[in-house]
Amino acid sequence: MSSSGIAVGLKKGYPVEKKEKVPRPSQAKARLSKRTRMVRDLVSEVVGLSPYEKRLLDMLKTGGASSEKRMYKFAKRRLGTHRRALKKRDQVKEVYGKIRARAAMA
């Protein structure tokens, strides 16, 4: 919406050229670099799962129909937000899939 030069109305105000907004550093906060991703993967491979992640994995192994919901609720209590809990649940399910694939190969 450009200004019309008129003092009243929807497009009121002196007509000026809009400045292009410079992206703030906070906008790039969640972006992951190749190096950071590689380091995190390496660390998780070497260190393994944390105790609460092991509990999530155990819930997945033993749980029946409602195991995913229980995993979500547990992860949400530990991590604090809905999105983080969903992400962690998917991450643990992926780890479990890799474990099962490795077991099937052997």
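The values are calculated or read from the model by the stated rules, or taken from the named source; none is laboratory data. Keep in mind it's a predicted model, so treat the numbers as computed, not measured. Cβ atoms come from the backbone with ideal geometry, glycine included; neighbour counts cover every protein chain shown. The area values use the complete protein model at the heavy-atom level, side chains included, leaving out ligands, DNA and RNA. Shrake-Rupley method; radii C 1.70, N 1.55, O 1.52, S 1.80 Å.
Pick from GLY48, GLY63: which is at pLDDT below 90, open to solvent by less than 90 Å² (accessible area, probe 1.4 Å) and of a type outside the set (Phe, Trp, Tyr)?
GLY63
Cβ separations smaller than 8 Å between residues 6+ apart or across chains give no pair from segment 1-15 residues that are without any contact (Cβ under 8 Å) to a residue 12 or more places away in the chain to residues that are open to solvent by 90 Å² or more (accessible area, probe 1.4 Å) and among the polar types (S, T, N, Q). The set of residues in segment 47-65 that are more than 25 Å from ALA30 (Cβ to Cβ) and part of a helix (DSSP H, G or I) comprises PRO51, LYS54, ARG55, LEU57, ASP58, MET59, LEU60, LYS61, THR62. Of all residues in segment 33-62, those that are in contact (Cβ under 8 Å) with a residue 12 or more places away in the chain and small (Gly, Ala, Ser) total 0. Quick one: would you say GLY13 is touching a Ser or Thr at 6+ places or on another chain (Cβ under 7 Å) and not in a helix (DSSP H, G or I)? In short, yes.
When residues in segment 66-106 are screened for being open to solvent by 80 Å² or more (accessible area, probe 1.4 Å) and assigned to a loop (DSSP other than H, G, I, E, B), 1 of them pass. When residues of segment 34-48 are filtered for being farther than 24 Å from VAL92 by Cβ and hydroxyl-bearing (Ser, Thr, Tyr), how many remain? So the answer is 0. Within segment 1-42, being surrounded by 10 or more Cβ atoms within 10 Å (Cβ to Cβ) and over 18 Å from the mean Cα position of the chain (by Cα) holds for SER2, SER3, SER4, GLY5, ILE6, LYS11, LYS12, GLY13, PRO15, LEU42.
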